[in-house]
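Shown next, in structure tokens, is the structure this report addresses.
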Amino acid sequence: MILPSEGKLLRIFIGDSDRFEGMPLYEWLVIRAKEQGLAGATVLRGLMGFGANSRVHTAKILRLSEDLPIIIEVVDTEEKIRTFLTSVENAISEGLVTLEKADVQIYRSSRKKDEILKRKP
């Protein structure tokens, strides 16, 4: 897959305990991104954060059961990101979604890396 240098970065901020269709929401979102052929998705777990409800979520030892922040990042073309977002927006009952410009410098798979290494003398 070729990814143009001008892409978009979608960030979805949700909670660790958010669920949709019987599975963790972050997992559901990544599976949908894969099914829709997006270039890739990454899930990041935050150590601490707060959102619109101003409730602090933390990973401190005594509060392990708290709803930790989760960020799903997806980079692709604006058209594919917007199509994806339209298809999943109803699954996100609370959280934050941002979209920003992404200047793609490198996007290659391990197969591409192997081809590059084979070409070197």
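The values are calculated or read from the model by the stated rules, or taken from the named source; none is laboratory data. No experiment lies behind these values; they were computed from the predicted model shown. Every residue, glycine among them, receives a Cβ derived from its backbone with ideal geometry; neighbour counts consider all protein chains shown.
Annotation note: Cβ proximity below 6 Å between a residue of the stretch 32-53 that is closer than 12 Å to Phe13 by Cβ and a residue that is assigned to a helix (DSSP H, G or I) and at pLDDT 95 or above (sequence gap 6+ or interchain) occurs for Val43/Tyr26. Every test in (1) of a type in the set (Val, Ile, Thr); (2) at pLDDT 65 or above; (3) over 15 Å from the mean Cα position of the chain (by Cα) is passed by Ile92 save one, and that test is (3). On the stretch given as the stretch 6-28, residues that are polar (S, T, N, Q) and either at pLDDT 95 or above or within 13 Å of Glu78 (Cβ to Cβ) (or both) total 0. On inspection, Val56 does not qualify as touching a Pro at 6+ places or on another chain (Cβ under 9 Å) and at pLDDT below 95.
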